[in-house]
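Below is one structure, written out as structure tokens, with a few remarks after it.
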Amino acid sequence: MDEVSLIAIGLVFFLVASNTQTGWVYLMSGTIFGALITSWLFSRRALRPLGFRLWLPAHVPCGHGFWATLSWSQSALGFASFWSPCPGLGLTLNQQGRSQALLLPHQRELRVWLVAERRGRYARMDSELVCYGPLAWFAARRSLQPQLSQPLCVLPRRLELGSQKLRAWAGGQWSGRRGQPAGQGDLRRLRDYQVGDDVRWIHWASSARTGELVVREFSAGATLDVVLCWGCAPLSVTQPGSEAAFEWMLSWVYTFFVGAKELGWRVHLLHSQEDGSWLQTEQVDSLASASLKPDSPPPPWHPEKGLRRLDFWLGPAPGSQAECFEFHPADFTGPTQVCSGFRVGPGREPSP
């Protein structure tokens with residue numbers, strides 16, 4: 001039974017007492033209203049949030065959950081309270097199936113499980129603290145902003161992409177010497193073949209001489225330089241489906257970025273700025289704060305040798321010399337269209 005039901009019952013008793021002039025019915029209605037008012041006053045007096053702080057990681061992909069630590073010096077005096085992020089923020093709480101975290105009076109720290117549902121950069125987090133008081137009626141609520149340990153960057157979704165797909169895309173254009181794999185440097189030694197070694201690095205002359213397979217082992221050194229460029233065609237940003245296509249494009253960019261990093265490659269992001277210039281950076285935070293730009297100029301072509309570039313474009317590509325994946329907004333409205341080649345449709349992921 002909630003407080004609204006109790007108020008209705010109290011009003012019914014009061015009306016009956018007024019018509020019958022019965023004192024004990026007056027007493028019952030007065031007792032109900034007194035209990036409700038007392039509960040409301042106790043809840044409001046007990047709720048005293050102080051020193052709330054939330055310890056967050058620096059990055060998290062969209063759609064993933066992560067642990068955060070909530071600490072406080074005071075929440076509710078003598079009563080339990082409940083903390084949760086505000087709805088619509090883009091971060092939801094899942095604390096053992098509940099959308100609120102229980103803060104007990106003797107606690108000062110609690111690990112909470114948050115789920116990032118929307119890409120963006122969170123420098124503040126609006127949340128709510130609730131205390132139900134002694135009777136759990138007329139809950140007192142207080143809006144608060146915990147101090148964040150650092151801004152949280154919710155990156156695009158990471159899709160499935162295998163290392164073999166990345167290596168095939170690189171096409172053997174390494175910045176190291178000919179015949180050595182990406183992410184490796186000078187020849188270190190020859191050793192016996194082991195299960196799982198790449199057959200491309202078998203030293204056939206030594207293998208024929210000894211009768212056993214021998215492979216080359218390289219030292220860490222040279223690596224592949226990769227540039228991932230993304231932008232928007234001028235007319236594509238105003239079409240229906242542009243937001244969905246843009247988010248899916250950023251997911252592809254982030255997937256290639258992480259995959260190349262895991263292989264030990266040097267990865268750069270290239271994108272246009274508000275003033276029309278192009279910025280090349282190694283910081284993945286730019287994907288968290290990326291937004292649709294209706295006037296992206298054609299991407300520049302890098303003159304440096306030894307670089308490998310791949311473009312991701314919202315709408316038709318502007319005649320880039322690099323290989324380009326196109327994300328057309330029309331493909332993201334209505335029934336899913338079958339796209340092939342470098343035209344990417346909704347739900348299509350890079351090959352594992």
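The values are calculated or read from the model by the stated rules, or taken from the named source; none is laboratory data. Worth saying up front: this structure is predicted, and the values here are computed from it rather than measured. Neighbour counts are summed over all protein chains in view; Cβ atoms, including those assigned to glycine, are modelled from backbone coordinates with ideal geometry. Just the protein is used for accessible areas: all its heavy atoms, side chains included, with ligands, DNA and RNA removed. Shrake-Rupley method; radii C 1.70, N 1.55, O 1.52, S 1.80 Å.
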Query raised in the report: Taking the stretch 213-227 only, how many residues are closer than 26 Å to L270 by Cα, surrounded by fewer than 22 Cβ atoms within 10 Å (Cβ to Cβ) and modelled with pLDDT of 80 or more?
Result: 2
Report task. Have a look at E262, E243 and point out the one that is under 30 Å from P335 (Cβ atoms) and either modelled with pLDDT of 80 or more or aliphatic (A, V, I, L, M) (or both). Result -> E243
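One line per residue, one yes/no per condition, for (1) β-branched (V, I, T); (2) open to solvent by 70 Å² or more (accessible area, probe 1.4 Å); (3) more than 30 Å from G63 (Cβ to Cβ); (4) in a loop (DSSP other than H, G, I, E, B):
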| site | (1), (2), (3), (4) |
| --- | --- |
| L102 | no, no, no, no |
| P105 | no, no, yes, yes |
| V112 | yes, no, no, no |
| E128 | no, no, no, no |
Query - Count - residues of the stretch 84-98 that are assigned to a strand (DSSP E or B) and either within 15 Å of the chain's Cα centre (by Cα) or under 12 Å from A116 (Cβ atoms) (or both) - result: 4
Query raised in the report: Can you tell me which residue in the stretch 157-176 is modelled with the highest pLDDT, limited to those that are of a type in the set (S, T, N, Q) and open to solvent by less than 70 Å² (accessible area, probe 1.4 Å)?
Result: S163
Report summary line: Condition set more than 16 Å from L228 (Cβ to Cβ) and in contact with a Cys (Cβ under 9 Å, 6 or more places away or on another chain), scope the stretch 142-156, selection surrounded by the fewest Cβ atoms within 10 Å (Cβ to Cβ): answer is S143
Report task. Given the conditions (1) open to solvent by less than 20 Å² (accessible area, probe 1.4 Å); (2) of a type in the set (A, V, I, L, M, F, W, C); (3) within 30 Å of A244 (Cβ to Cβ), report the number of the one that A76 does not fulfil. Result -> (3)
Query raised in the report: Is one or more of the residues making up the stretch 43-66 of a type in the set (S, T, N, Q), open to solvent by 60 Å² or more (accessible area, probe 1.4 Å) and either modelled with pLDDT under 95 or at negative phi (or both)?
Result: no
Report task. Kindly check whether there is at least one residue in the stretch 22-36 that is open to solvent by 40 Å² or more (accessible area, probe 1.4 Å), among the small types (G, A, S) and modelled with pLDDT of 90 or more. Result -> no
